[in-house]
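The values are calculated or read from the model by the stated rules, or taken from the named source; none is laboratory data. All figures in this text were calculated on a predicted structure; none of them were measured in a lab. Note that we place each Cβ from the backbone using ideal geometry, even for glycine, and neighbour counts take in every protein chain shown.
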Amino acid sequence: MLRLLDARFAGNAYAIEIDAALPRILALADRDPLSLTRGFGDRRFWAWKLADFANGTLQGPVNGLSRLLEIGAFGPRVDPERIRTLIGSMLEATPRLMRLDGSFEEALPYEQSYCVTALVLYDHLCAVERLAGPDDAWAREQSAALAPAAAFLVRRDETHGFISNHLATAAAALLRWDRLHGDAAARAKAEELISRILDRKSPEGWFEEYGGADPGYQTLCMTHLADAAEILESPPLWEALDRGARFLCHFAHPDGSFGGIYGSRATRIYYPAAMELLASRFAQAGALACWMRPAIARQAPVTLSAIDTPNLPPVFNNYCQALAVAPGVDPSVPPSPAEPGRHYLPEAGLLADIGPTHHSVISTRKAVICHWRDAHMVLNDTGLVLKSASGKHLTSQGDPATTAELTGERLVLRGGLTERSMPLPNPYNVLILRLLSVSVMRIPAIGALVKKLIAGLLVRSGGRAAGRFSRTIELGPALAVTDRWEPAHLERVSVEEPFSVIHMASSGYWQRGDTEGPQR
């Protein structure tokens with residue numbers, strides 16, 4: 001039973017998740033009419049007073065809420081005018097969060113975050129356009145306060161890594177800005193960003209995320225690229241989206257889960273809007289959308305319900321967008337979108353082996369092996385873990401030079417064992433970073449350099465090399481693995497749960513298979 005949405009959406013997987021998340025969404029913003037922070041969405045700042053800046057990303061629910069208003073999704077217990085008032089207060093508050101250079105932040109004061117600025121501008125413009133209806137003059141007036149944010153995206157760049165989903169968000173935001181304000185510079189920058197994304201995309205169908213392929217983040221990237229494609233009508237972009245959907249189908253698992261540690265950013269979030277937006281154009285996108293709807297209904301992948309506050313607005317908005325495109329309920333059982341066969345993707349460092357009764361995904365870079373048989377996951381091997389005499393953990397995930405040799409049914413991986421090193425914040429490094437952020441990091445070149453150093457420290461996959469390993473994998477339904485390593489005196493550590501050697505805040509969210517017993 002839906003509590004806040006209209007009963008006509010009962011049974012819709014997206015609506016069920018949105019309905020469950022709405023109390024959290026509606027609780028984010030400060031409603032106090034006398035408060036200096038009225039309309040701010042970051043409760044850690046305005047309510048708990050535990051943060052010394054407000055996270056701009058948390059202004060984002062204006063996008064999803066305005067989408068729900070647009071399709072008349074709220075039930076009789078919700079007054080649409082109250083929702084409209086809430087959105088209005090958040091839209092009015094957003095420019096007050098903006099720094100003088102037009103930027104917004106989520107991690108540090110004066111962070112000058114390209115991604116967050118793009119996301120805030122995009123969500124703001126989506127909401128303004130919907131609330132304005134045919135009144136473009138009102139929309140232009142309401143959005144003009146964020147002109148510095150658009151200018152920031154035009155003149156600045158993201159330099160700490162090549163992250164396609166961030167650039168796609170910026171491109172979509174700038175195209176919407178140009179549509180409202182006729183800003184040729186914004187359109188030119190958007191086209192430049194999309195050209196960069198397409199130049200770095202792989203012929204295998206994936207868009208680069210920190211040097212590799214990440215199916216989870218690709219679904220978010222493709223949402224914003226699809227939005228941009230609707231405005232640009234670019235044949236190369238549509239073709240890339242078609243290839244992207246075909247690539248993603250390999251990683252829709254038979255138990256309904258999606259993505260995993262084997263991706264470059266180790267994410268398992270499936271953002272549904274991209275495939276729903278592309279379903280009418282591309283058969284594989286439609287097949288993936290149909291497959292994932294019932295999977296979401298049984299919480300087989302990571303769903304909106306499992307998302308914490310920092311990621312809540314983007315995932316909420318995506319689900320609202322998906323609901324607007326696919327508001328119905330299809331009771332049929334869809335076939336798997338995964339094409340049978342052995343799909344070796346050497347640029348991605350991934351192999352998907354799919355047969356009538358099995359589905360295997362192997363990362364040839366991380367030596368990760370995931371195997372399903374008869375629609376159940378029977379092996380979730382995220383790599384070798386060994387302990388040195390000094391007590392250090394060594395893993396097979398950290399060597400970017402791991403090699404793969406595929407001969408018939410046998411895949412052999414060889415690479416280095418590296419120390420697992422995961423730096424954590426402490427009062428001292430946090431203090432240093434705070435001092436830097438309010439001083440020299442406000443100089444763009446220095447700020448970009450420090451962010452690049454931090455990203456390298458947190459996202460690089462391994463520490464000091466301390467040995468070698470080989471994994472021999474016999475492919476097929478009865479997949480078998482033989483491991484060898486040197487030095488031979490290293491002690492193997494039995495690891496029952498998946499592990500990772502990189503920092504990624506958007507990984508590790510719960511999904512149904514994480515806590516299911518052996519009888520499924």
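The table that follows gives values for the structure above.
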quantity	calculated
Residues of the stretch 358-379 that turn out to be surrounded by fewer than 19 Cβ atoms within 10 Å (Cβ to Cβ) and within 18 Å of Gly260 (Cα to Cα), as a count	6
Hey, Ala389 exposed (fewer than 12 other Cβ atoms within 10 Å of the Cβ), more than 16 Å from Arg365 (Cα to Cα) and aliphatic (A, V, I, L, M) or not	yes
Enumeration of residues in the stretch 473-518 that are among the basic types (Lys, Arg) and either more than 22 Å from Tyr271 (Cα to Cα) or in contact with a Cys (Cβ under 6 Å, 6 or more places away or on another chain) (or both)	Arg484, Arg492
Close pairs (6 angstrom Cβ cut-off, 6 or more residues apart or separate chains): in contact (Cβ under 8 Å) with a residue 60 or more places away in the chain and buried (at least 18 other Cβ atoms within 10 Å of the Cβ) in the stretch 104-118, part of a helix (DSSP H, G or I) and among the aromatic types (Phe, Trp, Tyr) anywhere	Thr117/Phe152
Pairs where the first residue, in the stretch 491-520, is in contact (Cβ under 8 Å) with a residue 60 or more places away in the chain and surrounded by fewer than 18 Cβ atoms within 10 Å (Cβ to Cβ) and the second is aromatic (Phe, Trp, Tyr) and not in a loop (DSSP other than H, G, I, E, B), C-beta under 9 Å, 6+ apart	Arg492/Trp485
Tabulated pairs, the stretch 423-434, first touching a residue at least 60 places away in the same chain (Cβ under 8 Å) and at negative phi, second surrounded by fewer than 10 Cβ atoms within 10 Å (Cβ to Cβ) and not in a helix (DSSP H, G or I), C-beta under 9 angstrom, 6+ apart or interchain	Leu433/Pro425
Residue, farthest from Ala279 (Cα to Cα), within the stretch 193-228, restricted to residues that are surrounded by fewer than 24 Cβ atoms within 10 Å (Cβ to Cβ) and among the small types (Gly, Ala, Ser)	Gly211
The stretch 457-486, residues that are at pLDDT 95 or above and not in a strand (DSSP E or B)	Leu475, Gly476, Pro477, Ala478, Leu479
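Rundown of residues vs (1) more than 13 Å from Phe251 (Cα to Cα); (2) free of Cβ contacts under 8 Å to residues at least 24 places away in the same chain; (3) surrounded by fewer than 16 Cβ atoms within 10 Å (Cβ to Cβ); (4) not acidic (Asp, Glu), yes/no style:
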| site | (1), (2), (3), (4) |
| --- | --- |
| Pro313 | yes, no, no, yes |
| Tyr319 | yes, no, no, yes |
| Leu323 | yes, no, no, yes |
| Gly328 | yes, no, yes, yes |
| Val333 | yes, no, yes, yes |
| Ser336 | no, no, no, yes |
| Pro340 | no, yes, yes, yes |
| Asp353 | no, no, no, no |
| Pro356 | yes, yes, yes, yes |
